[in-house]
């Protein structure tokens, strides 16, 4: 096989779009863990549910109001809003009871969610893989053809990363969330309703994931079981980047996405293994991740 | 303004019994200290008032409100400010951002609300450090920031847990002067302290704690004449 510059560029593009999907998923996971010390094993399953929901909304819009790729926009928006509400509900009813519990119990609860949501999906949507076909002309890119939608995907990823960072660093609510990472008790003693904040952060983390499900529907077909593949890679991203650090999650997503994408080109069977080699190396060298804080207080 | 009445409070951490029937009263504008050595229940008493520890039996009333049934954020919004002894500043926020997190409207409309600039006037050191991260402050600066941040919530009653513990003498003098200014402004203060000298500077009355029980209470003047109490329960 010859690796010319063009095919490498295309692979890089595909790696970056994969990186953005991982980032949108992992940033919610990392935010929720950083703020309330909850490892949401069902995070990718909620992402998957959002994908199915977006698909159905898209089909509804195209069936009732004519074919157009633009329907993806309102479909994604509505599915994101619905998943934000579902995320808040899950926090309020279930997760709230787990804050003082040990990690294995948290995993047990969120694993139960994976099974329940998976079965609900099977009942409603069946077991076939679903995807949305976007009527987009391939675009010429350095003597080759690429799907211009990749650029949309990368743009959305960068925009959400920047938006999330801005929210956490430049809004009062974001700063309060960062303060609560350090001391929940102190924030509460300053008169801030920490319970409502936790509900909102959980909803926000799920909503960011839900949005990525919609955005990626035209390039990543959705099907049962994809959540397990993704959650494992998400954990790898979050551990490599450092829990609770948005910047770390972003950088780690790019590393994992791009490395995976090139490994597939060179050694398809070992692509996932290489991710875990990186993960192990980081764990040995910096157990708290590339951008994490060494010690949690 | 409101009166705080703690009555026969028993507080536990898990299964260990910490407070054994503590009763305290503070009238508006009063400055009262909880005196006692390490581990006698001063911090637990303050935490029980702000709701970070739960009284198993007994009552904590602030005006008409039953604080035992409320969360810390609800208690704080009734006008009680808490300054912990661990000086929990938010390390990756700047000094100004730390202060802004504490901002909330007060209940007493006759009092001028605190602003970041007002805090800088009280603690000039903080103004110089305005854009520094909280994690890089000295102990004294952290303590000023912790007090300033709580003041930003415009409390009527301030719970102050050993504010000068572990600070250099020159910093202690500065901080005591500033706390005195707060007392003179009419703020009620409940002040946990080991050192009777500091307590005397800002308190009208004292409760002496030992083993989770109030062993003595009276005015600071009366306490000074009771060398038996001082020898038995206090650090001289």
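Tabulated data for the structure shown
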{"quantity": "Semi-axes of the equivalent ellipsoid for region A:1-101, Cα gyration tensor, largest first, Å", "calculated": "31, 25, 9"}
{"quantity": "Cα long-axis angle, helix B:169-184 against chain B (0 to 90 degrees, to the nearest 10)", "calculated": "80 degrees"}
{"quantity": "Tilt relative to chain A, helix A:103-125 - C-alpha long axis, 0 to 90 degrees, to 10", "calculated": "40 degrees"}
{"quantity": "Helix axis angle, A:72-93 relative to chain A longest principal axis, alpha carbon, degrees", "calculated": "30 degrees"}
{"quantity": "Values of log10 I(q)/I(0), in the order q = 0.14, 0.17, 0.22 Å⁻¹, for region A:59-120 under a Debye, Cα-only, solvent-free model", "calculated": "-0.59, -0.73, -0.92"}
{"quantity": "Helical contribution to [θ] at 222 nm, DSSP H n ≥ 4, -39,500 (n - 2.57), averaged over chain A, rounded to 500", "calculated": "-24500 deg cm²/dmol"}
{"quantity": "Rounded to 5, the percent of DSSP beta bridges in the protein assembly as shown classed as antiparallel", "calculated": "60 percent"}
{"quantity": "Counting DSSP beta bridges with both ends in region B:64-200, the antiparallel % (nearest 5)", "calculated": "10 percent"}
{"quantity": "Descending Cα extents along the principal axes, region B:141-236, whole Å", "calculated": "40, 29, 24"}
{"quantity": "Virtual paramagnetic centre 7 Å along Cα→Cβ of residue B:110, amide N under 17 Å, in region B:175-217", "calculated": "B:183-189"}
{"quantity": "Computed log₁₀ I(q)/I(0) - Debye formula, equal Cα scatterers, no solvent, chain B, q 0.10, 0.13, 0.16 Å⁻¹", "calculated": "-0.44, -0.76, -1.15"}
{"quantity": "Residue A:145-residue A:266 FRET efficiency (beta carbon distance; Förster radius 30 Å; 0.05 resolution)", "calculated": "0.85"}
{"quantity": "Where Rh is the Kirkwood radius over Cα pairs, Rg/Rh for chain A", "calculated": "0.97"}
{"quantity": "Gain in span if fully extended, residue A:100 to residue A:228, counting 0.36 nm per residue against the direct Cα distance", "calculated": "43.5 nm"}
{"quantity": "Bins of 10 Å, starting at 0 and running to the largest distance - Cα pair percent for region A:75-205", "calculated": "9, 25, 30, 22, 11, 3, 0"}
{"quantity": "Diffusion coefficient, µm² s⁻¹, Stokes-Einstein with Kirkwood Rh over alpha-carbon pairs of region B:1-134 at 25 °C and 0.890 mPa s", "calculated": "147 µm²/s"}
{"quantity": "Geometric extent, Cα atoms of region A:118-194 - Rg, Dmax (angstrom)", "calculated": "21.6, 62"}
{"quantity": "MRE, 222 nm, helices only [DSSP H, n ≥ 4, -39500 (n - 2.57), over chain B, to nearest 500]", "calculated": "-10000 deg cm²/dmol"}
{"quantity": "Normalised per residue, the volume of the convex hull around the Cα set of the protein assembly as shown (Å³)", "calculated": "185 Å³"}
{"quantity": "Whole-Å distance, taken between Cα centres, linking region B:25-98 and region A:84-117", "calculated": "31 Å"}
{"quantity": "Chain A: most fluctuating residue of A:235, A:61, A:142 per GNM, C-alpha cutoff 10 Å", "calculated": "A:142"}
{"quantity": "Of B:149, B:215, B:87, the one that fluctuates the most in a GNM where chain B has Cα springs shorter than 10 Å", "calculated": "B:215"}
{"quantity": "Residue of A:98, A:65, A:20 that the Gaussian network model of chain A assigns the largest fluctuation, springs spanning Cα pairs under 10 Å", "calculated": "A:65"}
{"quantity": "Inter-site label distance for residue A:122 and residue A:134 at 7 Å from Cα along Cβ, in nm", "calculated": "3.2 nm"}
{"quantity": "Order of B:125, B:42, B:56 under a 10 Å beta carbon neighbour criterion, fewest first", "calculated": "B:56, B:125, B:42"}
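Quick note: the coordinates plus some simple rules give every number you see, no bench work behind them. Predicted model, so just to flag it, every value in this text is computed and none were measured. Neighbour counts are summed over all protein chains in view; Cβ atoms, including those assigned to glycine, are modelled from backbone coordinates with ideal geometry.
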